[in-house]
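The structure appears below as structure tokens.
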Amino acid sequence: MTPELSSLEGMTAMYMASQAGPHTAQSIRDIIAQLRTTPMFAGKIKDGEAEELARLIEEKYGISMGLGAIVDAEDFRPWLHDARINGKVRDYYWSRYRSLLNQKGLPKSVIDATDEVTDRILDRLGDPDNKSRWSRKGMVVGHVQSGKTANYTGLICKAADAGYQVIIVIAGIHNNLRNQTQMRIDEGFIGRDTGRLASSNKAQRQKIIGVGKFDQREFPVSLTNTFKDFNKATATTNTSQVGQYKAPVVLVIKKNSNTLKNLLEWLKEHSLSQGSQMVKEPMLLIDDEADNASINTGYSRDEVTRINGQIRELLQLFERSCYVGYTATPFANIFIDPDTDDEVFSQDLFPRHFIIGLDAPSNYFGAQKVFLDARNQHVRLIDDNEDVLPIKHNINHPVDALPGSLVRAVRSFIVARAIRNVRGQQAAHASMLVNASRFTSVQGRLRSRISDLVGRIRDAVSVDAGKGTSALRNPEIAALHAVWEEEFGEADGGGWSTVQARLHEVMVALRVIEVNASRRSQALDYDQGGEHGVTVIAVGGFSLSRGLTLEGLMISYFLRNSIMYDTLMQMGRWFGYRMGYEDLCRIWMPAAGVGWYAHIHEAMDDLQAQLKRMELAKATPEQFGLAVRSHPESLIVTARNKMGSGKPLPMKVGLAESLVETTRIVVDAAQLARNMQAGMDLLEGMQAEGYEFEPRSRGHLVRGVAVGLIDAFLRAFRADSASPPADPLTDPKLIRDYIEARANSELKSWDVFIASSTRSEFDPVPLAHLSLVPFERSVDADDHARGVFTISGVSRRVGSSEDEREGLTEEQIKAALDRYKNERADKTLPKTISPRVYRSVPGRRPLMILRLVRPKIGEVDGRPQYAPDILAWGLSFPSSSITGGTVEYVVNTVRMREMFGEEETEEEAQGDTE
């Protein structure tokens, strides 16, 4: 989009915001036509460009955003409404910020929702006009790259309007993230470029940006800037006390014990009120990525304890303080890390006053869209790296060549950027992410090889791209054409000749940089306006995994090994908003990674839904904290955290509205035969007791089966011949204990679905009196070599999402889908429906799903190779009305380590990781 078009979009958005009532397609075009006649735009905007802009604005104004859910402490008392009526809350900082959001073209519905949500959060902070001592703590749970920074910037503006005098933002553990956050605060709250405040040139020191362009009557004071974290000497030269400033004081600091130590010392030396050991000014502390710098990162346990202690000390230093933690990980360690249930609520940072779940706008490009709804469009599998760049490698691993998949990804980025330029988006930024190693030295070698590739393409384009069709004789340009044809041939952007004509400007602008903790690292500087935006390939690791925003991210190449939920989701920098180029976005990753992301999304979506249900039930933050800790997936997260101890780990686990499947079965011929016999015994037992086997399109359904038959099957079946098993979720003790506690009530009667594949590759196989077609499932080759069948592939599921509809009537299914649709912010059904929807149907019975699986263990000469059939099961548990709803389970961390291996952490490279 040209600067003129961008300005026209901003002006149109402001006109629309100033006019009451909904806008139609025609009213949008009328406003654009009127603005085109003004001197600012006359003769500068073509008809086609104006129409393209009108369609873009139409798309934006079709975007909706819900208000999320809130659980409050029982002592919550609202104060904001009365304070506004009494004139104690200004509208200065928020008004400036709202104008900036309008100018940026955010849909009015999203701005209105942000306004409402930030009011809700502010109302749950302490009233700064209340002079007595108080302390409030809360948490905001959002989505990765969904606009949490924009949300807390709005909250900061409103807190300043309400009278908060000191605002501290703790922004991650790396300088680049702190610097980027400072830039956002400069733009959205301060209104000046703090990076220029130290300049000797007065004009440069006064550079106005962002909100400052709307109103300059007052500017907050920043004791940090875009180049420097908090420094005691710099702060002291400004003034002696924070209380002496008439405007709010803001600091953006790293989550680092030395920085926190310096800040604490400075406050104690300069800002304590007379005759007191405390600061009297009200303070708001925003902890961005609140679950970071915890025991599942490279930080040591001592460092975590030190940082948490310093944050608590900082809060206690103020007579009136608020702590708000922001996170995209509902499985945050603040819930699941404590060793005992009692300890979690005695922790000073537990959000005991409120927890708010943010809804993402309907145009959010998140895990649902990427890995479930449109996986085939956006995801490309990496299967050619092991000989060149294996996932597990050491610090000295050479990078003599790039995997073919990475070469293709780079070419895709170049072509996609050219298409965006054809679409008029050349002034916007475009980025590619390469996250393939945790070692900075390997990242450096990768960057060098990618630079070589880009150099060859640049030379080819410089020499031959202008030669029309004959340019395809050049191998590099022919390779770009092949990528365009296979990846983007149907994308809106003209034909190949149009794209080829824009390659030169792409290659002139393209840079390849490292973003890590090495001396070679370069800043991701997007503050380079002009006719052409930044075009960059960023190679890095952990620095790219937390909070850092890559503007205009289009192509991602992700080759990392982790099953930590927060690590994986935070590494997902590709989530966010891709207005006007979502169809061009691609993600390369191994099949196992795709499966984990889909799985994690369902688990996190489950907790967001649980938060909404708890809001209706008027539950407390403590109750939600227990729900997170007892969620089945917390078994994996917690056990991974505690794995290094090698000690047994007692936990309370709830299985309500959960699906448990045998995705991992040990290759033990005798046990596999016993499992098959257990299945036959169950079928024969049901037949002997007169249960009807109802034919279904995908198998047979048996309704109302007594729990005793189910328990007998689970007692005989073993996914792991060892005791205790490596995978806690298929431990028969855990499952049978949970069922036994409800065997006379809600789990007394079961439905059993015996699935049979509808595909024709395999002949039917007898199981008791039934003939069943096995399901092909790929298994992990490395695990199979170690004697374990582990389901791999992009779904990581034994069954299908349709299985859990079995046992429900058409009316029940429709009602469940309607309820799910109404819970969503956009009031629409996604293409892929989470099976969780069917587990919460009132009165539904628990469901057991049996199927024969034919494990695909590889290929020879292009022909699939299979192991003998195995029996697999799934258990779908309905909602539970039993209070507490958990069972005690002891996780064996040694067996967990055998199952999953050690987590790759950043500290293991002895100083070379980030």
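The values are calculated or read from the model by the stated rules, or taken from the named source; none is laboratory data. Keep in mind that what you see is a predicted model, and the values were worked out from it rather than measured. Positions of Cβ are backbone-derived with ideal geometry, glycine not excepted, and every protein chain shown enters the neighbour counts. These area figures cover heavy atoms from the full protein model, side chains too; ligands, DNA and RNA do not enter into them. Shrake-Rupley method; radii C 1.70, N 1.55, O 1.52, S 1.80 Å.
The table that follows gives values for the structure above.
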quantity	calculated
Largest-first ordering by accessible area, 1.4 Å probe, given options Arg96, Arg184	Arg184, Arg96
Segment Asn86-Phe214, length gained on full extension (0.36 nm per residue, minus Cα span)	43.5 nm
Charge sum, other residues only, whose C-beta stays under 12 Å from Arg136's C-beta, Lys/Arg counted +1 and Asp/Glu -1	+2
Fraction of accessible area attributable to carbon and sulfur, segment 436-484 (%, probe 1.4 Å)	50
Dipole in debye (nearest 20) - segment 80-201, about Cα centre, beta carbon charges: Lys, Arg +1; Asp, Glu -1	260
Cut-off 13 Å between beta-carbons: net charge of the residues surrounding Val407, Lys and Arg +1, Asp and Glu -1	+2
Estimated translational D of segment 380-477 in µm²/s (Stokes, Kirkwood radius over Cα pairs; 37 °C; 0.692 mPa s)	215
Cβ-based net charge around Ala460, under 12 Å, with every Lys or Arg adding one and every Asp or Glu removing one	+2
Amide H within-cut-off set for Tyr557, under 5 Å, with H built and near neighbours excluded	Leu433, Val434, Asn435, Trp588
For Gly704, distant residues with modelled amide H under 5 Å away	Trp750, Asp751, Val752
Trypsin sites (Lys or Arg not before Pro) restricted to DSSP loop in segment 754-836 with at most 13 other C-beta within 10 Å	Arg759, Arg786, Lys827, Lys831
Qualifying lysines (Cα of each under 20 Å from Cα of Lys228; at least 8 residues distant if same chain)	Lys202, Lys207, Lys254, Lys255, Lys261
17 Å Cα-Cα reach of Lys827 towards lysines, excluding residues that sit fewer than 8 places from it in its own chain	Lys60, Lys369, Lys612, Lys814
Hits among lysines - C-alpha to C-alpha of Lys158 under 22 Å, sequence gap 8 or more where chains match	Lys88, Lys104, Lys108, Lys131, Lys137, Lys148, Lys213, Lys246, Lys280
